[in-house]
Amino acid sequence: MNKENIIFEIKNSNLSEECKEEAIQVIKQYGTIDVNTILLIVYKLIEISPKILDYFSLK
C-alpha cells in the first residue's frame with residue numbers, strides 16, 4: 001500500500017475529522033520513511049488519542 005492509498009483510506013474512515021487530519025499530517029510529515037513505519041506511527045496516534053483527550057478533559 002502506498003502513501004496516497006493510506007491517505008485515501010483515512011479520509012474515508014469513520015475516524016473523527018480531527019484524528020483524520022492528524023493522521024494525514026503525520027503521513028505527510030514523515031513522507032520520506034517507509035509505509036510500514038508510517039502505519040505504525042498512525043496506529044499509535046489513533047490508539048492513544050482517546051487517552052490524551054480524557055487526560056486533558058477534552059472529550
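The values are calculated or read from the model by the stated rules, or taken from the named source; none is laboratory data. Given the structure is predicted, the values throughout are model-derived calculations rather than measurements. We place every Cβ from the backbone using ideal geometry, glycine too, and count neighbours over all the protein chains shown.
Say whether the condition of being in contact with an Asp or Glu (Cβ under 8 Å, 6 or more places away or on another chain) and surrounded by 12 or more Cβ atoms within 10 Å (Cβ to Cβ) is met by at least one residue in the stretch 29-45.
As a first pass, look at the stretch 29-45 and keep what is in contact with an Asp or Glu (Cβ under 8 Å, 6 or more places away or on another chain): 45.
Next, from what is left, pick out any that are surrounded by 12 or more Cβ atoms within 10 Å (Cβ to Cβ): 45.
Yes, because at least one residue in the stretch 29-45 is in contact with an Asp or Glu (Cβ under 8 Å, 6 or more places away or on another chain) and surrounded by 12 or more Cβ atoms within 10 Å (Cβ to Cβ).
State all residues of the stretch 23-51 that are at pLDDT 80 or above and in contact with a Lys or Arg (Cβ under 8 Å, 6 or more places away or on another chain); if no residue qualifies, say none.
Within the stretch 23-51, just ILE24 meets the criteria.
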